[in-house]
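Have a look at the structure below before the remarks.
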């Protein structure tokens, strides 16, 4: 078995039903601007129990998004500051490179899908 830099098994296929990406301070803006469709941007941390739950459960849910974009808050302080992340996990919606703000929701399929739909009715802004 191979492991990545976070000591996670790298040769096991993820059970995710959506595309997952890891973003960093160095590539987040460029990649989010280039992605079409709805991205759920999630800030997490290795030491956060709720974050570990989110990492395990969100990929399994039938969410109305095209991809999950994970950002490690501990390693990407620039993004944490720009997105004004005050708690973890923090979730944000981006569609076609436009920012639709933060989500306040429990991590369930119905509540997340409702929150994403509501966020997409807001006026779009530029990425933070």
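Among DSSP beta bridges whose residues both lie in the range 19-119, state the antiparallel percentage, nearest 5.
50 percent
So what is the 222 nm mean residue ellipticity for the chain from helices alone, if each DSSP H run of at least 4 adds -39500 (n - 2.57) and you divide by all residues, rounding to the nearest 500 deg cm²/dmol?
That comes out to -7000 deg cm²/dmol.
Simple spin-label model, 7 Å along Cα-to-Cβ: residue 19 to residue 62 in nm?
Those two pseudo-labels are separated by 2.2 nm.
R0 = 35 Å: FRET efficiency of residue 120 with residue 46, Cβ-based, nearest 0.05?
With R0 = 35 Å, the Cβ-Cβ based efficiency is 0.70.
Could I have the simple spin-label model distance between residue 127 and residue 86, label points 7 Å from Cα toward Cβ, reported in nm to one decimal?
Going by the 7 Å Cα→Cβ label model, 2.5 nm.
Using Cα atoms only, what is the angle between the long axis of helix 109-119 and the major principal axis of the chain, expressed in degrees (0 to 90) to the nearest 10?
Helix 109-119 sits roughly 40 degrees off the main axis of the chain.
What percent do you get for the relative contact order of the range 19-119 when only Cα pairs under 8 Å and 6+ apart count?
Reported relative contact order: 36 percent.
If neighbour count is taken as other Cβ atoms inside 10 Å, put 62, 83 in order from fewest to most.
Ascending number of Cβ neighbours within 10 Å: 62, 83.
Each reported figure results from applying straightforward, stated rules to the coordinates on display, with no laboratory input. Every value quoted in this text rests on a predicted model; they were computed, and no experiment measured them. Heads up, the Cβs are rebuilt from the backbone with ideal geometry, glycines too, and the neighbour counts pull from every protein chain shown.
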